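See structure below.
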Amino acid sequence: MRTATTSRKTKETDIIITLDILEPGKVGGFTGTSGIGFFDHMLNSFCTHGGFALRLDCKGDLEVDGHHTVEDIGIVLGNAFTKALGNRVGIARFGQASVPMDEALSTAVLDISGRPFLVFDASFTNDTVGTYDTALTEEFFRAFAFASGITLHIKNEYGGNDHHKIESVFKSVARALAQAVRIISDQIPSSKGVI
């Protein structure tokens, strides 16, 4: 079992995440709440389609806005992946997926490389979906990529509905991660011998 519990407490947020990377073929799930309904929906989709079990305990300064909460969840989730994957022995390392949602299509390509980077190519028509600030999508994935040491490229190919575009982004990253974390050997997948 590849599991980890990580936390972060600041003057703005108090977050604890428990992550379980499930065996291939297992459907993941999400429990808890960020306090932002649409973001919870995205985290649930991420877990369901990636094969991750995630428990979130979160208190954030939502009276300010959702930025600190969403970004810090990205940091803590990234740290949890780092801890759960350990020394990366045997992982596939690379993953890519294109996922449609109705009229929207998004692609994610990633490398669990130890070299964090984010390329985020998506734009949204509206400032919010529900109480969720659409600009926080990029902030979440930047925080996640840098905390987990993942090179992550995301592109929303097209779409009209911001809900669909964002959800296809989350699902494509989840599916790409599911590929990359699979155990396929007993070696570290790097010519350097370390990730």
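Miscellaneous remarks
- Residue tally, condition under 24 Å from Ala97 (Cβ atoms), of a type in the set (Asp, Glu) and in contact (Cβ under 8 Å) with a residue 60 or more places away in the chain, over region 1-48: 1
- From the list Thr151, Thr137, the one residue that fits, being under 17 Å from the mean Cα position of the chain (by Cα), β-branched (Val, Ile, Thr), surrounded by fewer than 20 Cβ atoms within 10 Å (Cβ to Cβ) and at pLDDT 95 or above, is Thr151.
- Of the residues in region 89-103, none is surrounded by fewer than 19 Cβ atoms within 10 Å (Cβ to Cβ), at pLDDT 95 or above and either over 25 Å from Gln179 (Cα atoms) or among the β-branched types (Val, Ile, Thr) (or both).
- Boolean, Leu77 is assigned to a strand (DSSP E or B) and among the hydrophobic types (A, V, I, L, M, F, W, C): no
- Within region 5-46, the set of residues being in a loop (DSSP other than H, G, I, E, B), surrounded by 15 or more Cβ atoms within 10 Å (Cβ to Cβ) and hydroxyl-bearing (Ser, Thr, Tyr) comprises just one member, Ser34.
- Considering only residues in region 95-147 that are part of a loop (DSSP other than H, G, I, E, B) and hydrophobic (A, V, I, L, M, F, W, C), the one that is farthest from Lys165 (Cα to Cα) turns out to be Ile112.
- Restricting attention to region 125-134, the residues that are farther than 15 Å from Val169 by Cβ and either buried (at least 16 other Cβ atoms within 10 Å of the Cβ) or in contact with a Gly (Cβ under 7 Å, 6 or more places away or on another chain) (or both) total 2.
- Beta carbons closer than 9 Å, at least 6 apart along the sequence or on distinct chains, pair a first residue in region 91-104 that is acidic (Asp, Glu) with a second that is in a strand (DSSP E or B) and surrounded by fewer than 21 Cβ atoms within 10 Å (Cβ to Cβ) for Glu103/Tyr158.
- If the condition is being under 19 Å from Pro189 (Cα atoms) and under 14 Å from the mean Cα position of the chain (by Cα), then region 102-116 contributes Val109, Leu110, Asp111, Ile112, Pro116.
- Yes/no for Asp65 being acidic (Asp, Glu) and in contact (Cβ under 8 Å) with a residue 60 or more places away in the chain: yes
- Pairs, first in a loop (DSSP other than H, G, I, E, B) in region 152-171, second of a type outside the set (Ser, Thr, Tyr), C-beta under 6 Å, six or more apart: Gly159/Glu103; Gly159/Ala104; Gly159/Lys165; Gly160/Glu103
- Condition check for Ile154: of a type in the set (A, V, I, L, M), more than 19 Å from Asn79 (Cβ to Cβ) and touching a helix residue (DSSP H, G or I) at 6+ places or on another chain (Cβ under 8 Å): yes
The values are calculated or read from the model by the stated rules, or taken from the named source; none is laboratory data. Remember, predicted model here, so these are calculated numbers, not experimental data. With ideal geometry, Cβ positions are generated from the backbone for all residues, glycine too; neighbour counts draw on all protein chains shown.
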